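Heads up, the thing below is written out as structure tokens.
The values are calculated or read from the model by the stated rules, or taken from the named source; none is laboratory data. Computed from a prediction, not measured in an experiment: that's the story for all the values here. Note that we place each Cβ from the backbone using ideal geometry, even for glycine, and neighbour counts take in every protein chain shown.
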Amino acid sequence: MSIPENLQQIQERVGKACRRVRRDPADVRLVAVSKTKPATMIEAARQAGQTLFGESYAQEFNNKFNQLSDRVEWHFIGALQSNKVKYLRGKVQLIHSVDRLSLAKEIDRQWGRIGRVADILLQLNLGDETSKAGADEKELETLLRQVAELPNLKVRGLMALPPYFEDPEQVRPYFRRLRELAAQMRNCNIPNVALQELSMGMSHDFEVAIEEGATLIRVGSAIFGERC
Ligand SMILES: *Cc1c(COP(=O)(O)O)cnc(C)c1O
């Protein structure tokens with residue numbers, strides 16, 4: 001199928017998942033994950049009406065940004081080294097993958113240089129998978145309170161990349177956990193922290209994520225095809 005057809009089918013599935021749990025589809029934004037795919041494919045999706053794209057590698061993102069610039073909205077969703085933050089400065093609207101204070105401090109410093117505030121999500125490692133990025137949920141409140149002190153940052157929500165299961169139903173408890181953690185943290189009323197966004201769900205499990213409250217779904221291969 002073509003990119004426009006894939007996008008249309010995904011929007012229909014988003015609509016159905018929303019109806020099942022009486023959510024407004026306008027509250028679920030589709031992040032089209034274009035990592036490893038050429039700018040021509042992003043342009044094809046853009047012409048089909050998709051305006052928000054997610055990238056995972058700073059260098060690759062910059063190449064595509066130079067080709068497409070701000071005709072589209074960019075989110076950064078991949079593992080991020082502090083020394084790469086300067087390449088994203090002012091160019092991405094949301095960084096999903098902040099999992100440690102040192103990284104948050106560098107984002108704060110870089111955005112401060114251009115007199116702007118960076119929107120970020122805190123990424124959690126819910127599966128306790130040592131190989132995966134993400135803060136431990138036991139550290140979440142402390143990390144939130146520390147990050148909240150940074151003047152050029154705003155925490156918008158939480159992100160998770162749970163373990164892969166063939167059956168999407170098995171991922172549901174992880175999505176639910178992320179939603180519960182966000183609710184708990186909202187109750188802490190930490191100044192400068194607004195946890196309205198939940199970034200969760202990928203190509204094979206985004207419907208379950210929507211049922212559990214996702215506001216940002218990150219879908220790559222179902223739009224652009226498998227990555228090599
Ligand atoms: C690649 C990637 C996705 C998209 O995965 P698909 O299975 O292709 O939809 C989502 N989130 C993150 C963090 C990714 O790195």
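Annotations for the structure displayed:
- Residues in the range 70-112 that are within 17 Å of the chain's Cα centre (by Cα) and acidic (D, E): E73, D99.
- Figure legend. Inter-residue proximity from the range 73-85: first residues without any contact (Cβ under 8 Å) to a residue 24 or more places away in the chain and farther than 17 Å from A39 by Cβ, second residues part of a strand (DSSP E or B) and within 10 Å of the ligand (Cβ to nearest atom), beta-carbon distance below 7 Å, spacing 6+ or different chains. Indicated pairs: L80/S97.
- Residue within the range 201-213 that is in contact with a strand residue (DSSP E or B) (Cβ under 7 Å, 6 or more places away or on another chain), charged (D, E, K, R), buried (at least 21 other Cβ atoms within 10 Å of the Cβ) and under 16 Å from L30 (Cα atoms) present: no
- Just one of (1) more than 24 Å from R13 (Cβ to Cβ); (2) in contact (Cβ under 8 Å) with a residue 40 or more places away in the chain fails for E207. It is (1).
- All of V155, V117, V219, V147 fail the test of being closer than 22 Å to L52 by Cβ, surrounded by 19 or more Cβ atoms within 10 Å (Cβ to Cβ) and away from the ligand (no atom under 16 Å from the Cβ), apart from V155.
- Complete set of residues in the range 120-141 that are surrounded by fewer than 21 Cβ atoms within 10 Å (Cβ to Cβ) and not in a loop (DSSP other than H, G, I, E, B): A135, E137, K138, E139, L140, E141
- Unmet requirement for Q93, which otherwise passes all of (1) surrounded by fewer than 19 Cβ atoms within 10 Å (Cβ to Cβ); (2) farther than 17 Å from R29 by Cβ; (3) touching a residue at least 12 places away in the same chain (Cβ under 8 Å): (2)
- So A182, is it small (G, A, S) and away from the ligand (no atom under 16 Å from the Cβ): yes
- Residue ID - nearest to the ligand (Cβ to nearest atom), chosen from residues in the range 58-72 that are within 15 Å of T40 (Cα to Cα) and among the aliphatic types (A, V, I, L, M): V72
- Residue check, K132 over 13 Å from M200 (Cβ atoms), in contact (Cβ under 8 Å) with a residue 12 or more places away in the chain, within 13 Å of the ligand (Cβ to nearest atom) and not small (G, A, S): yes
- Residue count, the range 1-57 (criterion: within 16 Å of the ligand (Cβ to nearest atom), modelled with pLDDT of 95 or more and hydrophobic (A, V, I, L, M, F, W, C)): 15
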